[in-house]
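**Q** After the structure tokens below, expect a handful of questions from me.
No lab work stands behind these numbers, since they all come straight from the coordinates. Everything numeric here is computed off the predicted structure, so don't read it as measured data. Positions of Cβ are backbone-derived with ideal geometry, glycine not excepted, and every protein chain shown enters the neighbour counts.
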């Protein structure tokens with residue numbers, strides 16, 4: 001929003017001495033003039049008033065332009081802005097600004113067994129009883145594992161944070177959002193999160209970037225793992241080497257051994273409800289497609305030939 005003001009110095013008498021331009025600017029900004037008294041806004045000043053929208057406006061710039069042909073007269077333009085959403089309907093709060101970025105990735109995983117069932121959680125490592133072996137098909141040779149790639153996806157969730165929204169003009173403003181969120185790092189989702197099953201999402205990064213003096217972009221980084229981050233670990237024998245026995249088959253006619261005891265290992269055992277990292281309205285906005293769906297009975301054209309619904313699994 002832009003406000004425009006006309007500032008002019010008017011001498012009190014023919015012998016009145018004109019003040020300097022700087023003195024007039026300071027006087028207009030800190031004392032004001034006119035009837036009723038109007039002060040020129042200052043940068044970083046909040047808009048006067050307590051309405052649902054204007055109270056979030058902050059002065060970003062003030063431009064003084066000297067009027068040609070007039071003595072000590074300026075046209076002043078103050079620019080106000082806010083990245084917080086405006087309320088156009090008192091009965092319907094606006095959707096908060098959010099953004100999700102997804103980037104595919106893979107991790108390389110050593111495996112001693114293929115087609116082994118991922119365990120339910122919580123899972124205790126190492127398993128104490130003999131039936132704790134994960135089963136599946138043995139694929140190692142002399143205890144040396146094969147490799148496979150596990151599908152992953154980096155997910156970045158962003159939203160706006162206004163660090164001043166609860167504070168009045170005399171309150172201290174915190175320099176940044178509080179450090180509470182560091183405890184979420186290294187935890188996996190205990191409940192469905194962004195449509196992913198429990199255990200498949202890991203919180204692996206949080207960053208805060210200032211947009212201006214008022215607004216931060218809160219950025220939460222998550223990693224999806226198709227195998228819920230589980231790894232395979234072979235059981236050692238009394239000497240510390242892999243516990244191996246003769247394989248049921250041979251390698252090009254040569255007998256060899258394979259690990260007979262393999263367990264699952266979970267490097268990220270701590271689990272939390274990751275939805276609680278976000279205000280409820282923000283998390284709901286992550287799951288909402290905007291603008292609203294086209295409700296025309298007969299849409300103007302179909303997009304079926306250029307896009308499709310992604311499969312759920």
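**Q** Could you work out how much longer the chain between residue 27 and residue 87 gets when fully extended? Use 0.36 nm per residue separation minus the Cα distance between them, nm to one decimal.
**A** Numbers: separation 60, 0.36 × 60 = 21.60 nm, distance 3.52 nm.
Once the chain is fully extended between residue 27 and residue 87, it gains 18.1 nm.
**Q** Taking 41 Å as R0, compute the FRET efficiency from the Cβ-Cβ separation of residue 141 and residue 270 and round it to 0.05.
**A** Efficiency, from the Cβ-Cβ distance: 0.70.
**Q** For the chain, what does the helix formula give at 222 nm: sum of -39500 (n - 2.57) over DSSP H segments with n ≥ 4, over the residue count, nearest 500 deg cm²/dmol?
**A** The helix contribution divided over the chain gives -1500 deg cm²/dmol.
**Q** Can you tell me how segment 242-313 classifies by the Cα gyration tensor, rounded, prolate or oblate, using a/c under 1.5 as the rounded cut? Don't skip to the end; give the middle numbers.
**A** Working: a/c = 8.34, a/b = 2.00, b/c = 4.17.
The shape class here is oblate.
**Q** Which order, highest average first, do 55-65, 235-245 follow once you tally other Cβ atoms within 10 Å for each residue and take the mean per peptide?
**A** Ranked from most to least packed, the peptides come out as 55-65, 235-245.
**Q** Taking N as the number of residues in the chain, what is its Cα Rg relative to 2.2 N^0.38 Å?
**A** 1.64
**Q** Fully extended, how many nm does the chain gain between residue 256 and residue 43 (0.36 nm per residue separation, minus their Cα-Cα distance)?
**A** Roughly 69.0 nm would be gained on extension.
**Q** Over segment 98-286, what is the relative contact order in whole percent, taking alpha-carbon pairs under 8 Å and six or more residues apart?
**A** 28 percent
**Q** Still on this structure, please answer the following. With r as the distance between the Cβ atoms of residue 292 and residue 204 and R0 = 51 Å, compute the FRET efficiency 1/(1 + (r/R0)^6) and round to 0.05.
**A** Values: r = 34 Å, r/R0 = 0.66.
The pair residue 204/residue 292 has a calculated efficiency of 0.95.
**Q** Once the Cα gyration tensor of segment 30-85 is found, what semi-axes does its equivalent ellipsoid get, as square roots of 5 times the eigenvalues, in whole Å, sorted largest first?
**A** 25, 14, 8
**Q** Could I ask something else about it? Testing the spin-label approximation: label points 7 Å from Cα along Cα→Cβ at residue 114 and residue 128. State their distance in nm.
**A** 3.5 nm
**Q** Place the peptides 295-302, 221-228 in order of packing, highest mean first, counting for every residue the other Cβ atoms within 10 Å and averaging per peptide. Can you show the working numbers first?
**A** On the way: 295-302: 6.1, 221-228: 20.1.
The packing order, highest mean first, is 221-228, 295-302.
**Q** Label points 7 Å out from Cα along the Cβ direction at residue 104 and residue 12: separation in nm?
**A** Distance between label points: 7.8 nm.
**Q** Okay, next question. Once you have a ≥ b ≥ c as the square roots of the Cα gyration tensor eigenvalues for segment 185-313, tell me rounded if a/c is under 1.5, and otherwise prolate or oblate according to whether a/b is larger than b/c. Walk me through the numbers before you get to the answer.
**A** Numbers: a/c = 3.69, a/b = 1.81, b/c = 2.03.
The shape class here is oblate.
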